[in-house]
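Report on one structure; see the data block that follows.
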Amino acid sequence: QVQLLEPGGGLVQAGGSLRLPCAASGSIFSINFMGWHRQAPGKQRELVADITSGGTTNYAETVKGRITISRDNAENTVYLQMNSLKPEDTAVYYCNADLRRPLEYFAMNYWGKGTLVTVSS
């Protein structure tokens with residue numbers, strides 16, 4: 001069993017900051033990508049940012065300069081530091097990880113259950 005736990009989220013005022021952690025736990029051999037997606041009401045899920053095990057990052061254009069993704073490989077944890085938040089950042093944020101379990105040859109993508117971030121104007 002593999003779980004991705006996202007204990008962060010909540011209500012924040014526009015211009016404020018929030019840090020979302022996500023920890024992968026369970027039977028894990030290795031983790032390739034870890035990242036965050038979000039889904040706003042009535043919209044499709046979209047990539048926010050992801051990061052490789054080597055630290056290479058990728059960001060959506062809409063969040064560049066405001067959001068930073070980082071990772072602790074030893075703890076199988078990824079963080080999303082969100083600054084200068086806007087009402088349009090309101091969404092359910094989902095953590096995901098592309099990982100291999102012991103004795104499995106191929107990596108698979110796992111998702112957390114999501115955490116709601118609400119930015120008030």
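The values are calculated or read from the model by the stated rules, or taken from the named source; none is laboratory data. Note that the coordinates shown come from a computational prediction; the quantities given were computed from them, not determined experimentally. Cβ sites come from the backbone with ideal geometry, for glycine too, and all protein chains shown count toward neighbours. Quick note on the areas: whole protein, heavy atoms, side chains included, nothing else; ligands and nucleic acids left out. Shrake-Rupley method; radii C 1.70, N 1.55, O 1.52, S 1.80 Å.
Diagonalising the gyration tensor over the Cα atoms of the range 29-68 and scaling each eigenvalue by 5 before taking the square root yields semi-axes of 21, 14, 6 Å, largest first. Per atom type, the chain shows carbon and sulfur on 50% of its accessible surface, probed at 1.4 Å. Kirkwood-type hydrodynamic radius, the range 59-121: 13.8 Å, calculated from all non-identical alpha-carbon pairs. Take every Cα pair under 8 Å whose residues are at least 6 apart in sequence, average their separation, divide by the length of the chain, and the relative contact order is 36 percent. Across the range 78-95, the residues whose backbone nitrogen lies under 18 Å from the label position 7 Å along the beta-carbon direction of Leu11 are 85-93. According to the Kirkwood relation over distinct C-alpha pairs, the hydrodynamic radius of the chain is 14.5 Å.
Among the trypsin sites (Lys or Arg not before Pro) within the range 1-70, those in coil by DSSP and having at most 10 neighbouring Cβ atoms inside 10 Å are Lys43, Lys64.
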